[in-house]
Amino acid sequence: MNIQRFFSVFKTAGRGLALERKKLSIASENIANANTTRGLNGAGPYKPRRVQASLNGSDAFGTAFQSAKLKMRTTNPLHRSVPSAELGGGNIRNMGPQATVVKQNEFRYKYEPDNPDADANGMVKYPDVNMVKEMTHMVSANRLYEANLSSIEAEKQMIKRSFKI
């Protein structure tokens, strides 16, 4: 039995955990800087960021699934049997999501002529951060984080039970 098969679930769930942690971090950063009109170097307002998730392969799951199917052979037309418990020579890949942080050039303008960051027309450029949307991202990321933790715990229980057999 390939020992990598035990750890592939942990690697995939670990990548999911890292992605959701990054989503939580970015959402909280956007909320904290919702009213920031000037950066550290005086260079414009804060640019809201988003996390884009992508898979590392076009069909990584399909390929791994095909390589992990049991090899079946027919000994009798009425029977099917598996010659051994060996799984088809699978190259288990790290199939979890990849995270990319992208800055958004979305701003809202507010009339505040007394603000030192106001332009000639008295308009101040603020980052366009929608608090409801950011809180929704945070709740969703929190739930998905918990789901990844549950999958890790379930895999640990399955491994423990398989060692008892």
Give me the pairs, please: first residue somewhere in the stretch 23-46 and among the charged types (D, E, K, R), second residue anywhere and surrounded by fewer than 15 Cβ atoms within 10 Å (Cβ to Cβ) and part of a helix (DSSP H, G or I), beta-carbon distance under 8 Å, and either six or more positions apart or on two chains. Lys23/Ser140
Give the stretch 109-142 a look and list any residue that's among the aromatic types (Phe, Trp, Tyr), surrounded by 12 or more Cβ atoms within 10 Å (Cβ to Cβ) and free of Cβ contacts under 8 Å to residues at least 24 places away in the same chain, or say none. Tyr109
Conditions: (1) modelled with pLDDT under 90; (2) surrounded by 15 or more Cβ atoms within 10 Å (Cβ to Cβ); (3) under 19 Å from the mean Cα position of the chain (by Cα); (4) not aliphatic (A, V, I, L, M). Tyr145 meets all but one. Number of the miss? (1)
Single match in Ser54, Ser58 (criterion: assigned to a loop (DSSP other than H, G, I, E, B), exposed (fewer than 12 other Cβ atoms within 10 Å of the Cβ), at pLDDT below 80 and of a type in the set (Ser, Thr, Tyr)): Ser58
When residues of the stretch 107-150 are filtered for being among the charged types (D, E, K, R), touching a Ser or Thr at 6+ places or on another chain (Cβ under 9 Å) and closer than 26 Å to Gln52 by Cβ, how many remain? 2
Within the stretch 7-21, does at least one residue satisfy the condition of being within 26 Å of Val132 (Cα to Cα), among the charged types (D, E, K, R) and modelled with pLDDT of 85 or more? yes
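The values are calculated or read from the model by the stated rules, or taken from the named source; none is laboratory data. None of these values were measured; they are calculated from a predicted model. Counting neighbours? That spans all protein chains shown, and the Cβs are built from the backbone with ideal geometry, glycine included.
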